[in-house]
Amino acid sequence: EFRRVLFRSLLEDQRPRYLARFVARTGTRIHVVQQEQVMWIAAAGDYAELHTRGSVHLIRETMDALAQNLEPSQFIRVHRSTIVRFDQILELLVRDNGEFDVKLRDGSQHRCSRTYAKAIDDWLRSELLDS
């Protein structure tokens, strides 16, 4: 029994852990931004901009690190400089070159490059199967 509990514990420790919140500093203020508040993320040099309702928070993190540490069922990378939250996608406009324009609920529009278009296509197929 002890081995089984220990083994189960080791397996649980190996499950991926995703970011639940972000810490953004602005001068002397430290903002805690919950992952659920983030609508989309944009690259800004060595930083990333977390776009929430009514505000933008700057964090020192690369897009690659964010893409690996965000819950894949919640976020999708659509461009080397953009990550969006699935539940914020309002509309997809198909381009002739195999890319998409992704329109979000806040009215912003982002290009989905061919590199990431397959992920959007897979998501669309899974959504159709789930409904």
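Tabulated values for the structure
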| item | result |
| --- | --- |
| Solvent exposure ordering (accessible area, 1.4 Å, most first) of Thr82, Thr115, Thr28 | Thr28, Thr115, Thr82 |
| Dipole axis of the stretch 18-105 (+1 Lys, Arg; -1 Asp, Glu on Cβ), positive-most option in Val56, Val84, Thr28 | Thr28 |
| Local electrostatic count at Leu58 - Lys and Arg +1, Asp and Glu -1, tallied over other residues with Cβ under 13 Å | 0 |
| Peptides ranked, highest mean first, by Cβ atoms within 10 Å: ranges 38-50, 64-76 | 38-50, 64-76 |
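The values are calculated or read from the model by the stated rules, or taken from the named source; none is laboratory data. In this text the structure is predicted, and so the values were computed from the model without any measurement. Glycine gets a Cβ as well: all are built from the backbone with ideal geometry, and neighbour counts include every protein chain shown. Just so you know, the surface numbers come from the protein's heavy atoms only, side chains and all, with ligands and any DNA or RNA stripped out. Shrake-Rupley method; radii C 1.70, N 1.55, O 1.52, S 1.80 Å.
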